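Notes for the one structure printed next.
The values are calculated or read from the model by the stated rules, or taken from the named source; none is laboratory data. Fair warning: this is a prediction, and the values are worked out from it, not measured in the lab. As a convention, Cβ positions derive from the backbone with ideal geometry for all residues, glycine included, and neighbour counts pool all protein chains shown.
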Amino acid sequence: MRARLGKILLALYPEPWRERYGEEMRGLVEDDPPGARGLASLVTGAAGAHLRPGGSWREGQPGASSMRLSVGALFACWILVSVAGSYFAKQTEHMGEVEYLHPLLRAARDAITVGAAIGAVAVAIGGLPLVAQASAAAVRRRDRRLGLLLLSPAIAGLLLVALGAGLVAGAPARHGGFPAGFVLELIVPVSLGALACALVGALAPKAVMRRAAPPERLLRLASWAGQALALAIVLVAVGLLIYVPVLWSASRVPAAGGPLGVGAKASLWLALAAVLLASGPALIAAARARRAALA
Amino acid sequence: MDRSDPSLLVLASLAGGEKHGYAMVADIEEMADVHLGPGTLYGALARLESDGLIEATEPSGRRRPYRITAAGSQALERRLEALSRVAETGLTRLRAAEAT
């Protein structure tokens, strides 16, 4: 059981790491099944391998493979930023008056909006040709698995909508009308479903590219678009880094805090943390993609 | 011996001859009473290999032995000497304090 769990955790390591050390590590995990600490060492080791910029295990990697992995990582970071950004937009949609009183809040929102626009354009420029190539490959090769991978984010989205609709439709029947705490009853499963959707959306491009094996010119284009995507992530991070603390301090002034409660403001800190968490790996992946594209 | 530094433990283990992962874990446990997890061990191996302090040899089946390089031996010697100076000084001071 522990050996099996250990082998599952090996999947957390970057692909080039698994190619270099995976077989040996699998052997070690079988010979010496890890305890709780050993399993934790696999998780922290995988995080370290993702964050470490260099290492001889990366050097033998072909340029196309390096670009593919870096572009996949950048896109995954963008998904995390998009989820946090959507949450930020929803929470602060009625903050116009407060932003008018605090020019710094307005400037920060502008930075976030510009970042979101740059990111969307970068994803379209870099991502759409890859989607077209993967779709053509799926049809040409009659590769059902590739088709399923391509459709997986849409399928996950549809399942989420179905879950939400099912919960709303089923509530009156279960409770004889909408009960007082129904919103909470709805929020928890839908939020978990949305997280699962985001995870599928973040991981699917990597799996699609691995299977579709796009040509180098498309990966090079996506790598350059990835530079803009990294810039967009930094802009969103800087915007949130200004917006959230300023809003927090503004709330101490009576009548200037706007319609947000303390809980909502605290959850904006969570969005900020998520974006900052994505920024580091995004910058590392962008640097890797740039190096591979120039090689 | 700095028991918190897996790289040092791995170098010290390989100073006794080439070993594969499992043999290193067993040797380090016997030598320093430290059980290195697989993530910690391979994190250290990857760092040491990137720095040219160890090198992999021909694999036998799933196991790939590693050996210390000349640069690795020099680095290990320097660090052990530094640790030895610290240990010697610390012990001398402790004894002096006990004597007074």
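Against the conditions (1) surrounded by fewer than 21 Cβ atoms within 10 Å (Cβ to Cβ); (2) in a helix (DSSP H, G or I); (3) within 13 Å of the chain's Cα centre (by Cα); (4) within 14 Å of chain A (Cβ to nearest Cβ), B:TYR22 satisfies every one except (3). Considering the range B:56-72, the residues that are more than 10 Å from chain A (Cβ to nearest Cβ) and over 14 Å from B:MET24 (Cβ atoms) include one that is surrounded by the fewest Cβ atoms within 10 Å (Cβ to Cβ), namely B:GLU58. Residues in the range A:118-172 that are in contact with a Lys or Arg (Cβ under 9 Å, 6 or more places away or on another chain) and of a type in the set (D, E, K, R): A:ASP143, A:ARG145.
Scanning the range B:47-58 for residues that are within 15 Å of B:LEU9 (Cβ to Cβ) and either assigned to a helix (DSSP H, G or I) or free of Cβ contacts under 8 Å to residues at least 24 places away in the same chain (or both) gives B:ARG47, B:LEU48. In the condition set (1) part of a helix (DSSP H, G or I); (2) buried (at least 20 other Cβ atoms within 10 Å of the Cβ); (3) at pLDDT 85 or above, A:ARG217 is compliant with all but (2).
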